[in-house]
Amino acid sequence: MMNPPLEICVLAAGKGTRMKTMIPKMLQPIAGTPMIAHVVSTARALKSVKTHLIVSEDHAALKAAIEDQGDLNWVVQKEQLGTGHAVQQAAPFFMADSAVLVLLGDVPLLQPETLQALLEDPADVAVLTVHLPNPAGYGRIQRDAAGCVIGIVEDKDTSPAERAITEINSGIFKIGQGLLPDLLAQLTNHNEQGEYYLTDIVSIAVARGLNVASITTDQVEAVSGVNDLVQLAAAERFFQRRQAQQLMRAGVRMLDPARVDIRGAVTFGRDVVLDVNTVLEGPCHIGDGVVVEAGSVIKNSEVGDNCLIKSHSSLEGASLAQDCQVGPYARLRPGAVLGAGVAIGNFVEVKQTTMGPGSKASHLSYLGDATIGSRVNIGAGTITCNYDGVNKWQTILEDEVFVGSNTALVAPITVGRGATIGAGSTITGAIPDAALGVARGRQRNIEDWPRPEKVLDAPGLVKKVKQPKAGD
Ligand code: UD1
Ligand code: CA
């Protein structure tokens, strides 16, 4: 038998008051991606003919958070009168012959495979359930003596006996071809919360002699709802654990998967090693053989094959060719573009700067708005003075320049190929190819210089410090 066309309803209009945050619940991120976007991508994976997103009137931010909306039907629920009322808002859009899958925006981590089993169930109404040791807060599944599902009772409406039921409603339903509008029409709000509960469609269907089934999953964490920040943190940990397992199975080595967080779209080459307390935020690509040492954070960057990111480095918006070494304690900011084999050492900050192959800045430097050629050596303490308080200016160091330690490069400035800069220089003008530029006070020596002396009053007690006379 051909399956009927599938429509999906995603409920995302609730106020999320239990979150106690100003950010709407649906925009709270899990692994850097808003909750609602997780649900939308699950819906897409199921290949529905249409996805209806039920949202409140105030949903501009939600719209902005979802890319490619061509396949989404935004349905406004003006007043939040319950999950059943929410689905009723979409009913006028349903096709006559489709089956409907209801997903909750705050149950974001279900996988398409789990939902597929629900979709394949031939029952008129199928509900996804799970057994929870602590079912508080969830709707409970009611069964008759024969074990058939006969209803769902919401937590707030439970009797003490019902409260003890540990099988709960995930909130996810499949309703067979063309049946949902009639079931919704029979909902009432005669309950503790005065809401139209979607869950009541189960008892309504049973009363009508329809066939109701349950699919029970063992994916407890994937089915858990996110109603407050405690559950949001639990969802984040679950997502990270599941993602880490997938990545390790695909060949990414993690010394401790519980101490690696990966957010957004991050792709990996082969033989990548991630040490503890590393955070990767997409979009990122991490090439073959890359080692990321402890405590490093990489965001929105491309890391070429065989790069070594030493401990406690921060990369954001950077692009590294192969064989670079960065850190420990390095900071690559947006527009840092490193050629093959570049070395960036401790306490070096690089911003909007291109460095050609084989160039090195090994210690304590700021390189901003610079174009640096190949095999350039940047001495310790080199600073590009790129900002005059209003404008940013460029520094150009051509191939094989050697910059002595503690040099200030006052931009705009161009240093020619193979030029050398003497240590401690403040360079304000161009240096031609192969020349030596030095700009510092000359050394003079004063013979027999009287050093200050400590004069002791009593043993161990400093009374005064004798200074050399002015002009000495
Ligand atoms: C709901 C179920 C409960 C189930 C639990 C699973 C009902 C009545 N209860 O309870 O049986 O165990 O989910 O997590 O269905 N929403 C709207 N419009 C509304 C109300 C809610 O769009 O008027 C949306 C919310 O944004 C949310 C979802 O529906 O994404 C669920 O609403 P929520 O209030 O969180 O229901 P629960 O109390 O968690
Ligand atoms: Ca909920």
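The values are calculated or read from the model by the stated rules, or taken from the named source; none is laboratory data. Computed from a prediction, not measured in an experiment: that's the story for all the values here. No Cβ is skipped: glycine too gets one built from the backbone with ideal geometry, and neighbour counts run over all protein chains shown.
Go over the candidates V276, V266, V326, V297 one by one and state the one that is among the aliphatic types (A, V, I, L, M) and under 23 Å from G358 (Cα atoms). Testing whether each residue is among the aliphatic types (A, V, I, L, M) and under 23 Å from G358 (Cα atoms) leaves just V326. In the condition set (1) within 16 Å of ligand 2 (Cβ to nearest atom); (2) of a type in the set (D, E); (3) not in a helix (DSSP H, G or I), D218 is compliant with all but (1).
When I165, I172 are checked against the criterion of being within 16 Å of ligand 2 (Cβ to nearest atom) and in contact (Cβ under 8 Å) with a residue 24 or more places away in the chain, I172 stands alone in meeting it.
Taken over the range 367-417, residues that are of a type in the set (F, W, Y) and closer than 23 Å to G441 by Cβ amount to 1. Which residues, counting only those in the range 175-206, are touching an Asp or Glu at 6+ places or on another chain (Cβ under 8 Å) and in contact (Cβ under 8 Å) with a residue 40 or more places away in the chain? Once the filter is applied, which keeps residues that are touching an Asp or Glu at 6+ places or on another chain (Cβ under 8 Å) and in contact (Cβ under 8 Å) with a residue 40 or more places away in the chain, the range 175-206 yields I175, G176, Q177, G178, L179, L187, N189, Q193, Y197, T199, A205. Being away from ligand 1 (no atom under 14 Å from the Cβ), under 30 Å from the mean Cα position of the chain (by Cα) and either more than 14 Å from T51 (Cβ to Cβ) or small (G, A, S) (or both) holds for only one residue in Q77, Q116, and it is Q116. When you look at H52, is it within 27 Å of the chain's Cα centre (by Cα), more than 26 Å from E281 (Cα to Cα) and modelled with pLDDT of 95 or more, yes or no? Criteria met by H52. As for the range 145-157, it holds no residue that is within 14 Å of ligand 2 (Cβ to nearest atom) and closer than 21 Å to A45 by Cβ.
In contact (Cβ under 8 Å) with a residue 40 or more places away in the chain and part of a loop (DSSP other than H, G, I, E, B): does that describe A13? In short, yes. Residues in the range 355-386 that are buried (at least 20 other Cβ atoms within 10 Å of the Cβ), more than 19 Å from P328 (Cα to Cα) and of a type in the set (S, T, Y): T384 alone. Counted as qualifying within the range 41-150 are the strands (runs of 3 or more DSSP E) with 3 or more residues that are buried (at least 20 other Cβ atoms within 10 Å of the Cβ), namely 50-55, 99-104, 125-131. Selection of the range 201-244 for residues being more than 16 Å from ligand 1 (Cβ to nearest atom) and over 30 Å from P181 (Cα atoms) yields D218, A233, E236, R237, F239, Q240, R241, R242, Q243, A244.
For beta carbons closer than 7 Å, sequence separation of 6+ or different chains, a first residue in the range 207-236 that is on the phi > 0 side of the Ramachandran plot and a second that is assigned to a helix (DSSP H, G or I), there are no qualifying pairs. Out of the range 224-280, which residues are among the aliphatic types (A, V, I, L, M) and within 16 Å of ligand 2 (Cβ to nearest atom)? Within the range 224-280, V226, L229, V230, L232, A233, A234, A235 meet the criteria.
Tally time: how many residues in the range 413-436 are under 15 Å from C385 (Cβ atoms) and crowded, with 16+ Cβ neighbours inside 10 Å? Looking only at that region, the number is 7.
Taken across the range 359-369, residues that are under 26 Å from the mean Cα position of the chain (by Cα) and within 21 Å of K392 (Cβ to Cβ) do not occur at all.
Restricted to the range 152-175, and to residues there that are part of a strand (DSSP E or B) and away from ligand 1 (no atom under 11 Å from the Cβ), the residue that is nearest to the chain's Cα centre (by Cα) is K174. Scanning the range 27-40 for residues that are within 14 Å of ligand 2 (Cβ to nearest atom) and either outside any helix (DSSP H, G or I) or over 22 Å from I262 (Cβ atoms) (or both) gives a single hit, Q28.
One line per residue, one yes/no per condition, for (1) charged (D, E, K, R); (2) at pLDDT below 95; (3) over 18 Å from V102 (Cα atoms):
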position: I141; (1), (2), (3): no, no, no
position: T158; (1), (2), (3): no, no, yes
position: R163; (1), (2), (3): yes, no, yes
position: T166; (1), (2), (3): no, no, yes
position: S170; (1), (2), (3): no, no, no
position: K174; (1), (2), (3): yes, no, no
position: L183; (1), (2), (3): no, no, no
position: H190; (1), (2), (3): no, no, yes
